[in-house]
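> My structure is below; once you've seen it, I'll send some questions.
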Amino acid sequence: MNMYIKNPVRVLLITVFCLVSLMGMGQRIEEDDNRTGFNLNRPEREEWLRDLGFGLFIHWSHDSQLGIVISHSLAGASDDYCRRYFEELPKTFIPDKFNAAEWARLAKVMGVKYVVFTTKHHSGFCMWDTKTTDFGIMNTPYKKDILKELTEALRKEGLAVGFYYSPEDFKFLYDNGILINRGNLNLTPEFVVKYEDFIRAQCTELFTEYGKVDILFIDGEPKDPAKYTGWKLQPELIVTRGAVNTPEQTIPGAASNVLWESNITMGTQWQYKPTNDDLKSGTRLIEILIETRAKGGNFLLNIGPHPDGYIPKEQEERMREMAAWMFINQESIYGVRPWIITSEDNLWFTRSKDGKDVYVYITGIPDWRKGTRKEFMLRSVKATAGSRGSVLGQNDKVLEYSNQVPDTRIEQTPEGLKLSCVRAQRIYNNSKWPNPIVVKLENVEPALDPPQILTVSAKSENGKLSMTGKIAATGDSKQLKAGFLFRPYAGFVENLYSREWQESPLVEISATGTYNVDVSGLEKGVEYEYRAVAKHPLISISGEIKRIRF
């Protein structure tokens with residue numbers, strides 16, 4: 001029964017809210033970045049999670065046997081498909097190669113600080129020993145509580161435990177004679193109450209029988225029964241999706257100083273995809289981690305285990321490449337915050353929480369051979385009397401088999417801070433290391449007060465794309481140039497593979513306020529991404545990314 005609603009008025013209010021939410025589920029919830037709802041997360045716990053910075057997401061269910069999208073194949077499926085999915089498919093799910101200790105060890109070596117596991121996705125298949133339904137792991141030939149094994153293994157390795165939970169449950173709809181759909185369900189108030197009670201019962205199991213749970217990621221509607229049950233039973237719980245911004249398959253365009261978390265797949269699908277996939281390279285995944293941290297967010301990287309229970313070789317290879325990079329550079333990932341700007345071209349930045357140290361991520365140089373010195377000019381950083389630089393992972397004293405001293409040098413010049421460094425450490429035997437180098441700059445200061453720019457809106461009219469931006473602050477520059485970057489939207493999954501932007505004409509700006517720029521010659525019917533950009537005399541600053549169909 002209802003465990004936290006104590007009066008009829010509140011029952012009616014919550015029921016109406018959930019009914020409206022369920023009837024609107026056709027709004028592509030998986031792409032929703034802003035439906036955050038009420039937040040009872042403790043601020044100090046959110047800061048704790050921000051310090052962790054890097055997590056592992058694991059999508060796994062019984063339909064991984066087919067190598068298809070997790071759960072969503074049920075929407076629009078025939079009666080025969082649904083019957084065999086719910087009744088026959090669990091009979092062949094035997095993940096007898098699952099080893100929770102191996103998963104946990106690999107996650108720890110990889111450098112993640114927390115793991116979020118799919119306890120139940122939209123299909124309703126439960127990966128724990130539940131009393132609420134017979135559609136779960138205990139009614140397969142495997143008959144073991146996977147969630148219990150995994151949580152114990154994660155805690156043994158010192159990793160924080162996170163649960164993904166979907167209150168949306170296709171099996172529950174199916175059992176109650178309701179056509180599986182993500183919108184226009186037309187549920188009665190009585191059924192919504194029954195639905196909520198089912199959700200609370202499942203969440204009560206999850207938050208009373210599996211020890212301390214650090215994180216809850218709620219995917220689907222209605223979220224409130226799940227998150228309030230979690231907070232009631234475990235007050236230190238951090239709800240991510242459902243309380244904070246959790247952009248999916250994308251990275252926001254601008255930095256933020258509050259908790260947010262991008263959840264992004266290693267390939268193009270959340271669950272195991274044996275064929276027709278396009279896995280991101282280890283280098284690209286590291287770049288995504290860097291960009292996310294530079295913008296103040298957490299990176300939750302998703303993998304999809306094989307139905308037999310092991311992590312596929314191609315995914316493990318990328319995890320171990322990230323492990324090597326994290327072993328060298330973890331200082332620049334944990335416990336950092338955004339610098340005054342996110343990047344200068346291919347140089348990205350974070351800062352220590354005390355503000356004294358800045359980390360410079362040098363990306364885009366895949367052929368930087370060991371022993372080679374390179375120089376860079378930093379416009380946003382200024383040296384002080386106590387400034388010094390060093391390459392993370394190196395002692396800056398020894399270059400193997402050479403008399404060269406691979407020291408890191410910094411020099412303040414009128415043009416900016418001149419940085420000179422050597423990649424001295426042998427990571428691969430062929431002396432090639434394709435991944436970013438990180439330089440730590442100690443006791444440095446901001447070299448400028450950057451402008452603040454906002455992407456406001458865009459509209460299509462008279463064959464032109466008319467975009468509006470806003471200069472919220474001019475910073476230390478009395479004269480700016482402002483415009484927009486734009487490109488065709490590559491798609492929900494594919495946008496992280498697209499990097500090139502086109503630039504609009506620029507306008508002169510001398511004060512705060514809005515400005516407009518028109519672009520012509522775009523293709524009709526195409527969806528475009530766009531973002532405002534301000535040109536400071538030393539650097540460029542970009543605003544948030546938005547989309548419009550032209």
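The values are calculated or read from the model by the stated rules, or taken from the named source; none is laboratory data. As the structure is a prediction and not an experimental result, all values here were calculated from the model. Glycine also receives a Cβ, built like all others from the backbone with ideal geometry; neighbour counts cover every protein chain displayed. Accessible surface areas use protein heavy atoms only, side chains included; no ligands, DNA or RNA. Shrake-Rupley method; radii C 1.70, N 1.55, O 1.52, S 1.80 Å.
> For a protection proxy built on the mean count of beta-carbon atoms within 10 angstrom, sort 443-454, 217-228 highest first, please.
My ranking of the peptides, most packed first, is 217-228, 443-454.
> Quick one: of K91/K212; K232/K353; K156/K313; K280/K470; K148/K232, which pairs are farther than 27 Å apart, Cα to Cα?
From the list (K91/K212; K232/K353; K156/K313; K280/K470; K148/K232), the Cα-Cα distance tops 27 Å for K91/K212; K232/K353; K280/K470.
> Please identify the longest segment of the chain free of exposed GluC sites (Glu not before Pro), where exposed means a DSSP state other than H, G, I, E or B and no more than 11 other Cβ atoms within 10 Å.
The reported range is 89-399.
> So who's got an amide H within less than 5 Å of the one on W270, skipping anything under 5 residues away but keeping other chains? H placed 1.01 Å off N, in plane.
I70
> A further question on this structure: Could you run the Debye sum over the Cα atoms of region 97-150, one equal point scatterer each and no solvent, and tell me log10 of I(q)/I(0) at q = 0.19, 0.25 Å⁻¹, two decimals?
Here log10 of I(q) over I(0) equals -0.71, -0.99.
> For region 197-253, what size does the Cα cloud have along each of its three principal axes, sorted from largest down, in whole Å?
The Cα atoms of region 197-253 stretch 39, 22, 15 Å along the principal axes, largest first.
> Sticking with this structure for a sec: Extending each Cα 7 Å along its Cβ direction at K156 and E523, get the distance between those two points in nm, one decimal.
5.3
> Among all the aspartates and glutamates, which ones have a C-alpha under 13 Å from K440's C-alpha, if same-chain residues fewer than 8 places away are not counted?
E331, D357, D396, D407
> So what does the Cα-only Debye profile of region 28-176 read at q = 0.11, 0.17 Å⁻¹, as log10 I(q)/I(0), no solvent term?
These q points yield log10 I(q)/I(0) values of -0.50, -1.08.
> Apply the Debye scattering formula to region 211-367, with a single equal point scatterer on each alpha-carbon and no solvent, then give log10 I(q)/I(0) at q = 0.13, 0.14 Å⁻¹.
-0.73, -0.84
> May I ask for the net charge around Y528, where only other residues with Cβ less than 10 Å from the Cβ of Y528 are counted and Lys, Arg are +1 while Asp, Glu are -1? Before the final figure, lay out the partial values.
On the way: positive: R487, K546, R547, R549; negative: E523, E527, E529.
Net charge in that neighbourhood comes out at +1.
> May I pose another question? Please report the Cα spread of region 364-405 along all three principal axes, rounded to whole Å, starting with the longest.
Computed over region 364-405, the largest-to-smallest principal extents equal 34, 26, 16 Å.
> Quick one: pull the percent of accessible area on region 419-504 belonging to carbon and sulfur, 1.4 Å probe, ligands and nucleic acids left out.
Of the solvent-accessible surface of region 419-504, carbon and sulfur hold 43 percent.
> A further question on this structure: Please report the antiparallel percentage of DSSP beta bridges with both residues in region 214-347, rounded to the nearest 5.
10
> Taking amide H atoms as placed 1.01 Å from N in the peptide plane, list the residues 5 or more away in sequence, or in a different chain, whose amide H sits under 5 Å from that of C126.
Amide H to amide H, under 5 Å and 5 or more residues apart or across chains, C126 pairs with G136, I137.
> To the nearest 0.05, what FRET efficiency results for T384 and K144 with a Förster distance of 56 Å applied to their C-beta separation?
Efficiency for this residue pair is about 0.45.
> Might you tell me the accessible area per residue for region 366-458, computed with a 1.4 Å probe and given in Å²?
Each residue of region 366-458 exposes 51 Å² on average to a 1.4 Å probe.
> Under the Kirkwood approximation for Rh and a Cα-based Rg, what ratio Rg/Rh is obtained for region 404-534?
The Rg/Rh ratio comes out at 1.11.
> Keeping every protein chain present and rolling a 1.4 Å probe, give me the accessible area per residue for region 137-228 in Å². Intermediate values should be presented prior to the final figure.
Numbers: 3160 Å² over 92 residues.
Heavy-atom SASA per residue in region 137-228 reads 34 Å².
> Taking every DSSP beta bridge that has both residues in the chain, what percent is antiparallel when rounded to the nearest 5?
If I count the DSSP bridges inside the chain, around 70 percent turn out antiparallel.
> Turning to a different aspect of this structure: Identify which of the listed values of volume of the Cα convex hull per residue in Å³ was calculated from the structure shown: [x] 216; [y] 171; [z] 260.
[y]
> With every protein chain kept in the model, how would you rank W270, W231, W501 by accessible area, 1.4 Å probe, largest at the top?
Largest accessible area first, the list is W501, W270, W231.
> Counting only protein chains, not ligands or nucleic acids, how are R200, R182, R388 ordered by accessible area (probe 1.4 Å), most first?
Descending order: R388, R182, R200.
> Pop out the ³J(HN,Hα) list for region 57-71 in order, Karplus 6.51 cos²θ - 1.76 cosθ + 1.60 with θ = phi - 60°, rounded to Hz; leave Gly and Pro as x.
Each residue's phi maps through the Karplus curve to give 9, 10, 9, 7, 8, 5, 7, 4, 4, 8, x, 10, 4, 5, 6 Hz.
> Next question, about the same structure. Pop out the carbon and sulfur fraction of the accessible area of region 50-125 as a percent, whole number, probe 1.4 Å.
That share works out to 51 percent.
> Using amide H atoms built 1.01 Å from N in the peptide plane, name the residues 5+ places from V456, or on other chains, whose amide H lies under 5 Å from its own.
Distant-sequence amide H within range of V456: T468, G469, K470.
> For region 434-550, what is the relative contact order in percent, using Cα pairs closer than 8 Å and at least 6 residues apart in sequence? Working shown, then result.
Details: 248 pairs, mean separation 36.0, N = 117.
About 31 percent, as a whole number.
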